[in-house]
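The values are calculated or read from the model by the stated rules, or taken from the named source; none is laboratory data. Everything numeric in this text was worked out from a predicted model, so none of it was measured. Neighbour counts are summed over all protein chains in view; Cβ atoms, including those assigned to glycine, are modelled from backbone coordinates with ideal geometry.
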Amino acid sequence: MAIEKVVVPVAGLGTRLLPATKSQPKEMLPVGRKPVVQYVVEELVSQGLKKFLFITGKNKRSIEDHFDKDPELLERLRAEGRDELLDEMDYGREGVTFFYVRQKLNPMGVPGGLGAAVATAEDFVGEEDFVVALGDTIITGGDYSGLIRRMIASHVRNRPAATVAVVEVPEDEVSKYGVVKPRKRAGSEFEAEDLVEKPPPGEAPSRLAIAARYVFSPVIFDAIRRTAPGVGGELQLTDAIANLIKMGHKVMCVKLKPDERRYDIGNPESYFKAFVDFALADQQYGYIVRQYLQRKLREV
């Protein structure tokens, strides 16, 4: 089974990063030399995923502009011999296509949650299994794209309704994420018994938080239709996945490796850390940034 379709939800409002995100999508904020969502796309393209559907919203047009082909710019880069930028910006050469659909607002005039965003992709997906990758979360480490590779391999091997990436988080952070209850002792790959969206710290079934990457079969759309609004009055994808289990379907989880890291860019602390880490890793300017930070720390 070949999986080639990706759904990238980018309709979130980014309120935790205001005022920076008032007119600029959080997914387009720079981390090092690239916007956040470009790292997400590069991760998935490297695994042979070719068809992308962005679930967009108000003030998200710059995402479409970013991935739109600009012949004049590409020709200028060729003339200047800047092949490294051509490789990063000309997705058409790799047969990658981008589609866009706007998520409908709920009666309060805001996006209706991640479950509602994924439901918007049903016509695009059809009867195929597909990947969901949150457009505001960067996964790094290992061989850069190893997580998605492991998730797809697990999904093909185990034939579940859903395969979910998870990462262990500190006890005081479990209330920020959807959390998984393993059916048995959790190894690098395991079956989920239940999932809970943003549980209070003392009530979390584990410290295994959902890590912004999923592989689904089309049955997820039926589960979403059976899901009532949850935390924040929104249609939560975590609740829909929990419904898959109640419906008798298997849900598998794949853990991030110790050398893999998730950056949740919608969280200001995580965004600041990401920018520092990527700046330090820059081949041209990383050494200069390191010297600058060392000097600033001595001044504190």
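List of remarks:
- Any hit, the stretch 274-286, residues being within 21 Å of Arg33 (Cβ to Cβ) and in contact with a Ser or Thr (Cβ under 7 Å, 6 or more places away or on another chain): no
- Among the residues of the stretch 23-59, those that are in contact (Cβ under 8 Å) with a residue 60 or more places away in the chain and β-branched (Val, Ile, Thr) comprise Val31, Val36, Val37, Val40, Ile55.
- The residues in the stretch 31-88 that are among the polar types (S, T, N, Q) and in contact with a helix residue (DSSP H, G or I) (Cβ under 8 Å, 6 or more places away or on another chain) can be counted, and the count is 4.
- Residue, nearest to Ile139 (Cα to Cα), within the stretch 214-229, restricted to residues that are touching a residue at least 60 places away in the same chain (Cβ under 8 Å) and of a type outside the set (A, V, I, L, M, F, W, C): Tyr214
- When we screen Leu13, Leu53, Leu74, Leu85 for residues that are touching a strand residue (DSSP E or B) at 6+ places or on another chain (Cβ under 8 Å), at pLDDT below 85 and more than 23 Å from Gly146 (Cβ to Cβ), the only hit is Leu13.
- Residue selected from the stretch 120-136 under the condition among the charged types (D, E, K, R) and not in a loop (DSSP other than H, G, I, E, B), by the criterion surrounded by the fewest Cβ atoms within 10 Å (Cβ to Cβ): Asp123
- Checked against the criteria, Gly146 does not count as in contact (Cβ under 8 Å) with a residue 40 or more places away in the chain and out of contact with any Lys or Arg (no Cβ under 9 Å at 6 or more places or on another chain).
- Within the stretch 240-269, residues that are farther than 21 Å from Gly112 by Cβ and without any contact (Cβ under 8 Å) to a residue 24 or more places away in the chain reach partners that are basic (Lys, Arg) and not in a strand (DSSP E or B) with beta carbons closer than 9 Å, at six or more positions or on different chains, in the pairs Lys246/Arg226.
- For the stretch 166-202, the candidate set comprises residues that are acidic (Asp, Glu) and under 20 Å from Lys246 (Cα atoms); within that set, the residue that is modelled with the lowest pLDDT is Glu197.
- Exactly one residue out of Ile148, Ile139, Ile152 is among the aliphatic types (A, V, I, L, M), surrounded by 15 or more Cβ atoms within 10 Å (Cβ to Cβ), modelled with pLDDT of 90 or more and touching a helix residue (DSSP H, G or I) at 6+ places or on another chain (Cβ under 6 Å): that is Ile139.
- Test: residue in the stretch 60-73 that is in contact (Cβ under 8 Å) with a residue 24 or more places away in the chain, farther than 18 Å from Tyr263 by Cα and in contact with a His (Cβ under 8 Å, 6 or more places away or on another chain): no
- Looking only at residues in the stretch 170-180 that are of a type outside the set (Ser, Thr, Tyr) and buried (at least 19 other Cβ atoms within 10 Å of the Cβ), the one that is farthest from Glu193 (Cα to Cα) is Val174.
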